[in-house]
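Enquirer: One structure, pasted below without further comment.
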Amino acid sequence: QVQLVESGGGLVRTGGSLRLSCSASRSIVSFNAMGWYRQAPGKQRELVAAITSSGSINYAYSVKGRFIISRDNARDTVFLQMRSLKPEDTAVYYCAALTSVKDYWGQGTQVTVSS
């Protein structure tokens, strides 16, 4: 079983920044990719950013140029640096560890951006 623990969420004003962290209970290099997803009230969960084991990165169009995903393999931790936050970024953010067989999810961390 894999445990993912997110942290770093909170309340921030429009234009502010937050840094999310996701710590895994086992080596993140064992996963095909690590990703950040978010789910706003009444909406489907969507991919925000993902980074593969080889370092390839993919961003949702809505966050390109504002968010940066990174990983620290030695600490089995994935980060999401969020800048220039907008009210529409308000959501529960989930960390995911993706494999070809099963995906693992964290419990989520709330990010609220006030206007």
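Enquirer: Return the single residue from Leu11, Leu20, Leu98 with maximal mean-square fluctuation; model: Gaussian network over the chain, springs between Cα atoms under 10 Å.
Expert: Result: Leu11 has the largest fluctuation of those listed.
Enquirer: So, one more: Taking amide H positions as placed 1.01 Å from N in the peptide plane, with prolines and chain starts having none, which residues 5 or more places from Arg71, or on another chain, fall under 5 Å of its amide H?
Expert: Phe79
Enquirer: Can you give the relative contact order of segment 17-65 as a percent, counting alpha carbon pairs under 8 Å and 6+ residues apart?
Expert: 27
Enquirer: Where is the GNM fluctuation largest for the chain (alpha-carbon springs, 10 angstrom cutoff): Val63, Val48, Val78?
Expert: Judging by the Gaussian network model, the answer is Val63.
Enquirer: Which FRET efficiency value, to the nearest 0.05, do you get for Ala40 and Asn73 by plugging their Cβ-Cβ distance into 1/(1 + (r/R0)^6) with R0 = 35 Å?
Expert: 0.70
Enquirer: May I ask you to evaluate 6.51 cos²θ - 1.76 cosθ + 1.60, the Karplus curve with θ = phi - 60°, for each residue of segment 74-82 and list the ³J(HN,Hα) values in order in whole Hz, giving x for glycine and proline?
Expert: Karplus-based 3J(HN,Hα) across segment 74-82 equals 5, 9, 6, 10, 10, 10, 9, 8, 10 Hz.
Enquirer: Kindly report, to the nearest 10 Å², the accessible surface of Arg26 as traced by a 1.4 Å probe over protein heavy atoms only.
Expert: 100
Enquirer: Give a residue-ordered list of calculated ³J(HN,Hα) values for segment 53-61 (Karplus: 6.51 cos²θ - 1.76 cosθ + 1.60, θ = phi - 60°; whole Hz; x for Gly, Pro).
Expert: Here the 3J(HN,Hα) series is 5, 8, x, 5, 10, 9, 10, 5, 4 Hz.
Enquirer: Take the solvent-accessible surface of the protein heavy atoms, probe 1.4 Å, and return the percent of it on the chain that carbon and sulfur atoms account for.
Expert: Of all accessible area on the chain, carbon and sulfur atoms account for 48 percent.
Enquirer: Report, for segment 70-115, the % of DSSP beta bridges that are antiparallel, rounded to 5.
Expert: 100
Enquirer: Send over a whole-number figure in Å² for the accessible area per residue of the chain, probe 1.4 Å.
Expert: I get 53 Å² per residue for the chain.
Enquirer: Summing Lys, Arg as +1 and Asp, Glu as -1, what charge do residues with Cβ under 12 Å from the Cβ of Lys86 carry, Lys86 excluded?
Expert: Here the charged neighbours net out to +1.
Enquirer: Mind checking which of Ser84, Ser17, Ser62 has the largest fluctuation in a GNM of the chain, springs on alpha carbons under 10 Å?
Expert: Ser62
Enquirer: In percent, how large is the relative contact order of the chain, given Cα pairs closer than 8 Å and 6 or more residues apart?
Expert: Relative contact order, the chain: 37 percent.
The values are calculated or read from the model by the stated rules, or taken from the named source; none is laboratory data. Bear in mind the structure is a predicted one, so any value in this text is a computation, not a measurement. Ideal geometry is used to build each Cβ from the backbone, glycine not excepted, and the neighbour counts take in all protein chains shown. These area figures cover heavy atoms from the full protein model, side chains too; ligands, DNA and RNA do not enter into them. Shrake-Rupley method; radii C 1.70, N 1.55, O 1.52, S 1.80 Å.
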